[in-house]
Each structure stands twice: as structure tokens, then as C-alpha cells.
Amino acid sequence: MTESSNNKIAIVGNPNAGKSTVFNLLTGSNQVVGNWPGVTVERKEGKFVYGGIKNNIIDLPGIYSLSANSIDEKIARNFIVKDNPDLIVIVVDAVNLERNLYLVTQILELNRNVIIALNMMDSAESIGLEIDRNKLEGILNIKIVPMVANRGKGIDELKKAIIEYNDKSYDEFDIFKNDKINNSIKGIENLITPYIKNFPSRFAALRILEEDTDFLSLIIDKDIFKDIEEIKIDVENKIGEEIDTYIAEHRYGYIHGLYKECVEETIDVNERITLSDKIDKVLINRILGIPIFLFFLWLTFESVFKIGNPIAGVIDTIFGFLGDKSGILLAAIGSPEWIISLFKDGIIAGVGSVLVFFPNIFIMFLIFATLEDSGYMARAAFVMDKFMHKIGLHGKSFIPLILGFGCNVPAIMATRTLENDKDRIITILINPLMSCSARLPIYLMITGIFFKSNQGTIVFSLYLFGVVLAVVLGRLFKTLFFRHKAAPLIMELPPYRLPSLRTVFQGAWNRSKLFVKKAGTIIFIGVVIIWLLSYLPVGAPYAGEGSLINYVGRFIAPIFTPAGYGFWQASVALLFGIVAKEIVVGAFSTLFGGIDNLGHILPQYFTALSAYSFMLMSLIYFPCIATIGVIKQEAGMKWAMFVVVYSILLAYIVSILFYQIGNLFI
């Protein structure tokens, strides 16, 4: 490998094999998260230096094989096959070695440089699997590095192997080379070579024999189709079965023989009841599963407040101190009044009021990352599968919905894993109803003033209401627009593991720092605009009668009177919340002179009932501009506009009904 930062190393593997953990160990904090060209699937790329040599690492989406159905699978396959990385590191789950070897054999058939990171060796040993690594290395003729990635074991050996084995040349690997279908593969190779330019011809020939529509679509000559069909009929007559079935059986037969040769099972499979099996008897129990999931969700929000509020209080004090001192300092050096107001009332009060809630948001992401790394999140999707089918959605749809609790944008991107377009669009349409982290500061601000004794329960009720509303609308949209039967959920349940502190904290930080970044950009700009409109025209009282912001707010405010918050400041906050929901908090803070003032000012405008009504509006109405943008990209302008219209109307109706009905009983 040359001493260059342009060496491409792909990290690939089955879902839940520990691929992302290996990627994080290799790259540390030296990562960049972007999108793959032409799509909105997240692309994670990083660098690491070992022995003075720089390496680019690309973390590919998890796949089970090179047969691609979803966009994630196509991205991974195309990168491996067409981009020709210098080295492919295949992360293999040692506990499920036989299944993982299917992907390994397919990649080896491409004659690429390959290293296997044989992960979870401790789990394999605990259930009586003894893997003869040397024998497996000898048969496959590749380097195998045993690892326990969640403990950091084996990472140095993997780094060393990446440097040493990158330039190694391998013997041709082809399990069909001496098989009776070999001549048929060669015949198709000769036919398709002029049309398949970006893929190895033998690989493409096998895909065509397996009826891969992506490869068949590359052939534009109808006569070639006829020739291919003749070859297929001829070979199927010889082998006595369909060719795609034969190829799969032959590959699985080779893998099974390889597994038996290299793995000794010292514990009988009937006795191999793992700790995960015992835990699953409770956590995915058909009666207890959903209540347990809801309990974990409630406990998450209780923890967000119990642990996060004291830290948030300290940060609040710091920003209050900075606001006061900045005003005194700027006045002392003779700064004009508008500069003092900009810094004190605009920037520090507005941005600070949002950053105060960083500890709460970090704790939420930390808990979600812990549940994900422990293996529970996959079970949550499994538990909810039956329920999702009742509303006509695929069980896999639940995963993007859960991701929506973090941010709706990547959650909508995650719908790319759904193979059925109708399921995908329905999931996109209801995803904005999931309370993202941008809404959490609104909930924190209001519950901290009006619901101090039961903040966690109130916030949990909002998240739960969003889920219930999404379920109802999902069923409605299914009936109105997409009449089809949802496919059954087939997914792997990874074994429970002790979460890796490094992985959990890094995941929580990567998500939380986006919140900080937004505070320094979009929210900063938003609160400065609000301050400017509050300050102008010169001579008018700040955010008072005659200010531009007052005119805007008073024009809109009557619309919200039936919902219980018909004062102009609330209207302004909701209007600017269209850009980013966190600005709602920044707006109140900027208009009322800082977050410290909100505790005694907002009760003059809100009751507990109208405050909850306002939170319902914030939950449902117009998702942020970024969310609408990604809906447009993923589903088209028609569905993006549909979300805008239905969310505003629904939020208005729900908020009014809640307030008016609540008034009948209070």
C-alpha cells in the first residue's frame, strides 16, 4: 500500500455483525458523515494512520449478500464491485459463521483483496463453538483476524493486517470453476461482455443466471436475451432443476462443508440455550413485550429530566451570568444600546435558551445508543411487528419511526431499507409525527414551568400521542392511497451484549453535536432575525407595541385564540419554528428578555391546559424545512406538499379540540 490518503478500504458485513463498532475503533473521532452520491443514504467515511500510512475507510450499509433489493444493498454492492476498493474488510459474526460465509464467498468470487475480521469470538466460545482459524485461512487463502470488537480486542492486529495484506495477490476463488454449469457461465460471459462494462463479467453472468433484474436491464439487445434463455434452458435440462436454485444450493453446500471442516460444536445445539434466549422469553413475550417497551420509553424520559435538569440548571446560570456581564462590559466601553441588546437579548438569551437543554438531549441519545448497542432495539421492532401489520405496515417500518425520536431527516432516509415503495411512502408520511429531539426543548421549557412534579410522564404522553396519531393516520393513508398486504417481517435478533462505552458515547456525541451545530447556525440566524424585528423600528419599545415583530404576531394571533394561546408572542414562536423547532424556545427567550424570565412571565399567558395544547401544536404542525426537503427528495414534491398541508390542518384541529374539550372539565 502506498503512503497516500487515497487508499480505499471498505468495511462490509451482515447487519449486527459489529461492523460499525470495528469502523469506530479504526477511525476514532476522525469521521465524516455525508450522503452517497444521488441518494440520501448516510455515508460514513473515516481515516486512520498506522505505521505512517494513511488509509480511507468507508463503512458500507449492512448486507447479507450481493443480491441487491433495497437501495442500501445496491450501494454496498456497487461500491464493492464497481469502485474496486484497495481492500475489503468483511466483519463476520463468529456466532453465525455459516450464514455470514455466504457474503464472504460472493466477495471472494470477485477476486478482491479481502481480510476477515472474525468478531464476537467470546460469544462463540461461550456457546461451545471452536473455530479453527488456521484451517479456515488455509482453505479460503485469506487473512482472518479474531476480534472482540466491543472490548477493543484484536484492533491492533487488524490495523497491522490491513497494511500488510493490502497488496497481497490471491489465487482465483471460484466454487463453480469445475462444476457442470461452468460452460454455461462462460457462454453468458461471452454474450454480455459488450454490455456489462462496470462489473466483472463472470460475476454478472452468475447474477443473470440468478434472474437479477438489475443486470438483465443492462442488456438492450433482444437477440442476446434469446441466446441467454437458450443457455439457461439447456443447462436446466442437464441439471434437472432451475438454475438459480441450483446455484444457491451449490453455494450453501460448499459453505456447509467448509463450516463442518473448520468448526467444532462442543455443546449440543439442543443444550445451547443462551442468556439471550432466556431474556427474550420475557422481553419479546407476546403479552409483556409492548408494555415493557413502553416502560423503557417512559424510563428514558424520566432519566432525561432527573439526570439532565441539574446540569441544565448550571448551564442556565452560566448563560444568565454571561448575559448580565456582557451588558455591563459593552456599556462600559461605550457600545450603542442596540449592540448591547443584540448580544444580551438576542444572541446570548436566544441561543443560550436552546443550548441549556443540551444535557437532556445528550442523555436521551445516550440511552437510545445503549439500547441499540445492547441488542434491544431490534427486539422492539420485532415486538411491534404484529401491531404494525394491524395498521397495514411492514414491521421494518417501526425502525425508521423509532429513529424519528432522534431526528426526522435521517429517519426518513432510513426508509430506504424498505423494499416495498408503498410501505416506504406511508412510513415517510407519518414519520414527522415522531417527536424529534428538536421538539424536546419546547417540551422541556413548558413542562419545567407548568408540570414540574411529573415532567417525565407529561413528555412521555406527548411521544406516545405522536405514535398513536401516526398509527391512526398510517391506517387511514393505507386505506385511501395504498391498498396492499404487508409482507411478513424477517429479521435477525442479535445476541444481547454489554454495550461498548466507546460506541455508546461516540454515537450519542455524534448525534448531539448536530444539535450544537444547529444552535450555532440556523438557530443563531433565527434569533438574530427575531431580535432585529423586535428592535425595529428604532424608538419603539423592544418587542413591544409598535415593533415589527408585534405587527407580525398580532396579525396571526387571532387564529390561535380557540386553541388557548392567542397572544402574539406564541404566534411568532410558531411561525419561526417552521425553520427549526428549537427556535420556538429561542423566540420566547428573545421576546421575553431571557430564559430566566420565562418561569414567571409565561404563566401570565398560558394555563396548564393551554400549555399542553401548545405542545400538541408544536408536535404536529409543519415539520422543519429540512424534513420537508428530504421528503421531497425521497417521495416527490406531491407528497412533501401533502405533509405540509395535512400536518398544519391536523395540528390546528387537535390543538383546538384538546383545549375546548379540556375546558369543559376544568
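FRET efficiency for D421 and A332, Cβ-Cβ distance as r, R0 = 56 Å, nearest 0.05? Efficiency, rounded to the nearest 0.05: 0.30. For P603, neighbours were defined as the other residues whose beta-carbon sits under 15 Å from its Cβ, and their charges (Lys and Arg +1, Asp and Glu -1) total 0. Across q = 0.29 Å⁻¹, the range 275-319 modelled as identical point scatterers on its alpha-carbon atoms has Debye log10 I(q)/I(0) values of -0.92, in the order of the q list. Please give every one of the lysines within straight-line cross-link reach of K306, meaning a C-alpha to C-alpha distance under 23 Å, and leave out same-chain neighbours fewer than 8 residues apart. The reachable lysines, counting only those whose Cα sits under 23 Å from K306, are K452, K513. For the range 575-615, the square roots a ≥ b ≥ c of the C-alpha gyration tensor eigenvalues yield an a/c of 1.5 or more together with a/b not exceeding b/c, which makes the shape oblate.
From the largest down, the range 554-605 spans 28, 27, 15 angstrom on the principal axes of its Cα atoms.
Scaling the Cα radius of gyration of the range 347-470 by the globular reference 2.2 N^0.38 Å produces a ratio of 1.15.
Assuming a ≥ b ≥ c are the square roots of the Cα gyration tensor eigenvalues, decide whether the range 506-568 counts as rounded (a/c under 1.5), prolate (otherwise, with a/b larger than b/c) or oblate.
Values: a/c = 4.77, a/b = 1.71, b/c = 2.80.
Judged from the Cα gyration tensor, the range 506-568 comes out oblate (a/c at least 1.5, b/c at or above a/b).
The packing ranking, built from the mean of other Cβ atoms within 10 Å per residue, places the peptides 136-143, 652-659, 431-438 in the order 431-438, 652-659, 136-143, highest first.
If you take all other residues with their beta carbon under 11 Å from the beta carbon of F362, and give Lys and Arg +1 and Asp and Glu -1, the sum is +2. The lysines within cross-link reach of K632, meaning a Cα-to-Cα straight distance under 17 Å and a gap of 8 or more places when in the same chain, are K422. Between amide H atoms placed 1.01 Å from N, distances below 5 Å from K153 occur with V148, all of them 5 or more places distant or on a separate chain.
Once the Cα gyration tensor of the chain is found, what semi-axes does its equivalent ellipsoid get, as square roots of 5 times the eigenvalues, in whole Å, sorted largest first? Write down the numbers at each step before the final one.
Details: eigenvalues 552, 149, 124 Å².
Semi-axes (√(5λ), whole Å): 53, 27, 25.
Cα-based Rg of the range 283-399 per 2.2 N^0.38 Å, rounded to two decimals? Write down the numbers at each step before the final one.
Working: Rg = 22.4 Å, N = 117, 2.2 N^0.38 = 13.4 Å.
Rg over 2.2 N^0.38 Å, computed on Cα atoms: 1.66.
Packing here is the average count of other Cβ atoms within 10 Å per residue, and on that basis the peptides 257-265, 112-120, 156-164, 202-210, highest first, run 112-120, 202-210, 156-164, 257-265.
Taken over the range 146-256, the alpha-carbon convex hull comes to 155 cubic angstrom per residue.
Averaging the Cα positions of each part gives two centres, and for the range 43-112 and the range 605-666 these lie 42 Å apart. In this simple spin-label model, placing a label point 7 Å from the Cα along the Cα-to-Cβ direction at both Y64 and E210 gives a separation of 1.2 nm.
Shown here: the range 91-145, whose C-alpha atoms stretch 34, 19, 14 Å along the first, second and third principal axes, sorted largest to smallest.
Extension gain, H256-I648: 0.36 nm per intervening residue step, less the Cα-Cα distance, totals 135.5 nm. Kirkwood hydrodynamic radius of the range 518-656, from the reciprocal of the average inverse Cα-Cα distance over all distinct pairs: 15.7 Å. With both residues required to sit in the chain, DSSP beta bridges show an antiparallel share near 45%.
Every read-out reported here was derived from the displayed coordinates using simple, explicitly stated rules and does not represent laboratory data. Because the structure is a prediction, the values reported are computed rather than measured. Glycine gets a Cβ as well: all are built from the backbone with ideal geometry, and neighbour counts include every protein chain shown.
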